[in-house]
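Submitted below is the structure of interest, expressed as structure tokens.
Quick note: the coordinates plus some simple rules give every number you see, no bench work behind them. Nothing here was measured: the structure is a model prediction, and the numbers come from that model. Here the Cβ positions follow ideal geometry from the backbone for every residue, glycine too, while neighbour counts run over all protein chains shown.
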Amino acid sequence: MSDESVLRDLFDRWERVWHEGQYDLVPDCVAPTYIRHDEAGDRTVTREAYAAELARLRQDRPDVRIVVYDHALHGSRAWYRFTMTWTDQSTGEARSRAGLQAYRIEDGRLAETWVILQPLGSAWSDPVAQERWTSPPPAR
């Protein structure tokens, strides 16, 4: 199996974790420790702790979606340009944040990530998103 196929399979599973709450897939997707560089700072979390973090996020934002506009999978690296969308549960208002995320993959699992998010209300202006996280980007 090629490196790109391994990464595509990984991110197809990871999308199911995010969009369908299939937390039983987390051990197949995340290394035993996962290094995150995000708004919370630089931190190392276990796969169990990160699964619990995702479950809390989905509890607060049950309709959260990661809409991908562009990505690349190569070797032990991947990156995504995305917009996160959800409904604010207290106001019913639509919310969004545009972002970029890069990953380092080790032994077929997410080992480290760097996340940069734009302010609340941001979104990429692309007219069409990818159908799935690993689908080819739409023609421009």
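What number of residues within the range 94-140 satisfy the criterion of being charged (D, E, K, R) and free of Cβ contacts under 8 Å to residues at least 24 places away in the same chain?
2
Failed condition for ASP63, given (1) touching a residue at least 12 places away in the same chain (Cβ under 8 Å); (2) in contact with a strand residue (DSSP E or B) (Cβ under 8 Å, 6 or more places away or on another chain); (3) within 23 Å of GLU112 (Cα to Cα), with all others met?
(3)
In the set THR44, THR91, which member is without any contact (Cβ under 8 Å) to a residue 12 or more places away in the chain and either touching a Lys or Arg at 6+ places or on another chain (Cβ under 8 Å) or closer than 28 Å to ALA139 by Cα (or both)? Break it down stepwise before answering.
Details: THR91 fails: either touching a Lys or Arg at 6+ places or on another chain (Cβ under 8 Å) or closer than 28 Å to ALA139 by Cα (or both).
Just a single option satisfies the conditions, and that option is THR44.
Give the residues of the range 28-45 that are in a helix (DSSP H, G or I) and closer than 14 Å to TYR103 by Cα, sorted by residue number. Lay out the reasoning, then the answer.
Taking the range 28-45 and keeping what is in a helix (DSSP H, G or I), we get 28-29.
Hit for the range 28-45 is CYS29, nothing else.
To continue, here is another question. I'd like the full set of residues that are basic (Lys, Arg) and surrounded by 14 or more Cβ atoms within 10 Å (Cβ to Cβ), limited to the range 34-65. Even if it seems obvious, please write down each step before you answer.
Taking the range 34-65 first, the residues basic (Lys, Arg) are 36, 43, 47, 56, 58, 61, 65.
Those that are basic (Lys, Arg) and surrounded by 14 or more Cβ atoms within 10 Å (Cβ to Cβ): ARG36, ARG47, ARG58, ARG61, ARG65.
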